[in-house]
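The values are calculated or read from the model by the stated rules, or taken from the named source; none is laboratory data. Quantities reported herein were computed from a predicted structural model and do not represent experimental measurements. With ideal geometry, Cβ positions are generated from the backbone for all residues, glycine too; neighbour counts draw on all protein chains shown.
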Amino acid sequence: MTKTFRRADIAPGRACPRLFAAMALGLGIAASATAAPIADEPGFSGQLTPLVGVIGSRSNLDVSSDQKRIDTLYGLSSREYRPVAGLLGRVDYTIVPRRFSLHAGTPRSALTEGELSLEIGASYRLDGIGTLSAGVIPVTFVGNEVWADPFVAGLRREATDVSRRGLRLGLSGIGGTGLSVDYRLFRRDVDEERSGQALGLSAIDQARLERDSTEHRFDLSYRLPVSEGFSLTPAVQYRRLDADGAANRGWLLRPQLTASWRRDRLRLSLTGYYGVDRYDERQPVYAEYRDASQMGVVAGVSYAEPFGWSNWSVDAWGVWSESDSDIRFYDQQTSVFAVGLGYRF
């Protein structure tokens, strides 16, 4: 197996989408579809977390210099290792204490999905109902490039830009319980769509591979306190992807379970998930459905106030994930280790 190691490229959405996806999942443990609490005092609050890490991945779809040329459309690419760095954060401005606030940054509900995006929105607590939050997502910072035609073997592939934006609506702490629901709507547009051209597919088959899409995403979670400092959070997600190309149109169902433990300044968490993808039509390159199963485990540890530093924390994550498709070209494997230094204000 060939292994490569290259210099870090910190440009968002190009070199390290999988790291941010995995790190976001780790940061979002036990926060699925949950709005941040509204502060007790008016003014600014928030948290910033710079991080560094190493990611190992195998994917024919990752846009990187190492995957620019692949030798076959019937196998998985060589494993690639790379160091990466980034910054996650969110800033809240409370207007009415414990009632109404504005926010900007990475939405907690999106973190569990392995996404890094900018959300600008507001939260309002409704007595006896829960905390209602809504926002716009004008830009995402991962997956901003794809291969214009992924199905090119033996030649250099060309990358093209992708724009992705969305809306979010959520309700957490419903009726004073641990129940939370979340809905997101995304629109994705590929700048230059040329899937299948290099293979000489017909116009009809090329149309089946188009990736412009609208995505509907629903999340349901319930936090269950088990004992002092220990809780379990079962959750389930359903996605409906309405792509222009029927071979990329389908749905995903992913249940997951998070265990969280806190004692004094130490916090541990472990999340496991298993999901299935199903698609509406056969993929014309392979004459098969690209149905898949995906699984993953995320372990996180956080230690507050190291060396007596008030409002600081040291965080570390380990991540393993895999997607096993009926079409080997779409198989993906990812492993991550990263550390971060968080500051809360």
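Here are the numbers:
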read-out: Flag for Val139 being assigned to a strand (DSSP E or B), modelled with pLDDT of 95 or more and farther than 21 Å from Tyr289 by Cα; value: no
read-out: Selection status of Arg168, farther than 27 Å from Glu288 by Cβ, in contact with a Pro (Cβ under 7 Å, 6 or more places away or on another chain), of a type in the set (Lys, Arg) and buried (at least 17 other Cβ atoms within 10 Å of the Cβ); value: yes
read-out: Hey, Ser77 outside any loop (DSSP other than H, G, I, E, B), of a type in the set (Ser, Thr, Tyr) and either modelled with pLDDT of 90 or more or at negative phi (or both) or not; value: no
read-out: Ala259 vs. criteria in a strand (DSSP E or B), over 24 Å from Ile327 (Cα atoms), free of Cβ contacts under 8 Å to residues at least 40 places away in the same chain and among the small types (Gly, Ala, Ser); value: yes
read-out: So Val146, is it touching a Gly at 6+ places or on another chain (Cβ under 8 Å) and among the β-branched types (Val, Ile, Thr); value: no
read-out: Options Ala148, Ala159, Ala104: the member that is touching a Phe, Trp or Tyr at 6+ places or on another chain (Cβ under 7 Å) and within 27 Å of Ser213 (Cα to Cα); value: Ala159
read-out: Within segment 318-345, considering residues that are farther than 25 Å from Ser77 by Cα and crowded, with 16+ Cβ neighbours inside 10 Å, the one nearest to the chain's Cα centre (by Cα); value: Gly340
read-out: Candidates Val236, Val226, Val276, filtered to the one that is closer than 21 Å to Arg184 by Cα, among the β-branched types (Val, Ile, Thr) and surrounded by fewer than 16 Cβ atoms within 10 Å (Cβ to Cβ); value: Val276
read-out: Residues being within 25 Å of Thr177 (Cβ to Cβ), part of a loop (DSSP other than H, G, I, E, B), in contact (Cβ under 8 Å) with a residue 24 or more places away in the chain and not basic (Lys, Arg) - total across segment 222-251; value: 1
read-out: Matching residues, segment 287-332, being among the polar types (S, T, N, Q), out of contact with any Lys or Arg (no Cβ under 9 Å at 6 or more places or on another chain) and in a strand (DSSP E or B); value: Ser293, Ser323
read-out: Whichever residue in segment 145-165 is of a type in the set (Asp, Glu) and part of a loop (DSSP other than H, G, I, E, B) and, among such residues, is surrounded by the fewest Cβ atoms within 10 Å (Cβ to Cβ); value: Glu158
read-out: Count of residues meeting criterion [out of contact with any Phe, Trp or Tyr (no Cβ under 6 Å at 6 or more places or on another chain), in a strand (DSSP E or B), surrounded by 17 or more Cβ atoms within 10 Å (Cβ to Cβ) and not basic (Lys, Arg)] in segment 182-221; value: 6
read-out: Pairs with Cβ under 8 Å, 6+ apart, first in segment 185-206 and closer than 20 Å to Val152 by Cβ, second of a type in the set (S, T, N, Q) and in a loop (DSSP other than H, G, I, E, B); value: Gln206/Ser195; Gln206/Gln197
read-out: Filter result (modelled with pLDDT under 90, in a loop (DSSP other than H, G, I, E, B) and either within 28 Å of Ser221 (Cβ to Cβ) or of a type outside the set (D, E, K, R) (or both)) within segment 26-62; value: Gly28, Ile29, Ala30, Ala31, Ser32, Ala33, Thr34, Ala35, Ala36, Pro37
